[in-house]
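The values are calculated or read from the model by the stated rules, or taken from the named source; none is laboratory data. As the structure is a computational prediction, the values presented were derived from the model and not from experiment. Quick reminder, even Gly has a Cβ in these numbers, built from the backbone with ideal geometry, and neighbours come from all protein chains shown.
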Amino acid sequence: MKFALVDGIRQEATPGVRGTCPGCGSPTLAKCGLKRLHHWAHVSTAVCDRWWEPETEWHRAWKNLFPTEWQEIRHVAIDGEVHIADVKSTNGKVLEFQHSAITPQERASREAFYGSMLWIVNGNRLKRDLSSFREAFLNAPSVGSETEARAWLLSDRAAAIIERWRGGRCAVFLDFGDAEFPLDWIPSTRVLWWLSYTLRGRVTVTPVHHQSLVDHVLSGTSIRGFGRPMPPMSRRSGRPRF
């Protein structure tokens, strides 16, 4: 975890410092080696949050896009169950950054626990996911009008990563990092893929601007997709060439 309480104040890990876990109150020790991210670890082997997973550089990079006071927030349910949300905004929206494999049962439990939430999924955990995802949407029909963002309609079993995330009720955004896609109007950096599942075994796949999702969480602005590319203009007539 990134934060622990040191004399009652949330702090990042510093060499030689001890603290307490904000979730369970157990002693923590700062781990500040050269090969891994600086982080706090419980002194004991107990894990206070059963949804915990080891934090990667990918996790930390996403967390750092949001205010520190939104990161690793202790969330307590009415029945007293406690979990630490990766990010929780002031209006109650939770973001969970998921790298490890997760069962449908655990996903459903988290969605029920947090209520209003979004999933950000690391699409590069398994090498085959990117290639199967590319193939699936390139062979699918596009949907939407000329004024709407580009999107594709697929079966919810069209690719392994799409199938693994079907069945939930909260929005899912796939992060393939700087992977390239064979469409010249999609940039090779900072693109997310929004999966919107339907009740009829289908999913709408929409590429969106990475920053627009961040801005949506920060200030409530709309998530922006990519418009349909315009045909090139003729130099002589100034009219589109088809």
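So here's what we get for this one:
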quantity	calculated
Residue under evaluation Arg74, criteria (1) part of a strand (DSSP E or B); (2) surrounded by fewer than 19 Cβ atoms within 10 Å (Cβ to Cβ); (3) in contact with a Ser or Thr (Cβ under 9 Å, 6 or more places away or on another chain), criterion not met	(3)
Set Leu65, Leu37: member being of a type in the set (A, V, I, L, M) and at pLDDT below 80	Leu37
Candidate set: region 173-196, residues that are of a type in the set (Phe, Trp, Tyr) and under 16 Å from the mean Cα position of the chain (by Cα); chosen: the one farthest from Leu213 (Cα to Cα)	Phe176
From Thr14, Thr28, residue being in contact with a Gly (Cβ under 8 Å, 6 or more places away or on another chain) and at pLDDT below 80	Thr28
Conditions (1) assigned to a strand (DSSP E or B); (2) under 18 Å from Val214 (Cβ atoms); (3) among the charged types (D, E, K, R): number failed by Arg60	(1)
Members of region 216-227 that are surrounded by fewer than 16 Cβ atoms within 10 Å (Cβ to Cβ) and either in contact with a Leu (Cβ under 7 Å, 6 or more places away or on another chain) or not β-branched (Val, Ile, Thr) (or both)	Leu218, Ser219, Gly220, Ser222, Arg224, Gly227
Residue within region 170-177 that is modelled with pLDDT under 85 and under 25 Å from Pro104 (Cβ atoms) present	no
Filter result (in contact (Cβ under 8 Å) with a residue 60 or more places away in the chain and under 12 Å from Arg169 (Cα atoms)) within region 107-125	Arg107, Ala108, Leu118
Residue tally, condition surrounded by 13 or more Cβ atoms within 10 Å (Cβ to Cβ) and in contact with a Pro (Cβ under 7 Å, 6 or more places away or on another chain), over region 175-200	3
Residues of region 159-179 satisfying the condition of being acidic (Asp, Glu) and touching a strand residue (DSSP E or B) at 6+ places or on another chain (Cβ under 7 Å)	Asp175
Every pair of residues 6+ apart whose Cβ atoms lie under 8 Å, when the first sits in region 126-137 and is closer than 9 Å to Ala160 by Cβ while the second is in a loop (DSSP other than H, G, I, E, B) and modelled with pLDDT of 95 or more	Asp129/Gly123; Asp129/Ala159; Ser132/Ala159; Phe133/Gly123; Phe133/Ala159; Phe133/Phe176
Filter pass, Ser155 being of a type in the set (Ser, Thr, Tyr) and closer than 20 Å to Pro54 by Cα	no
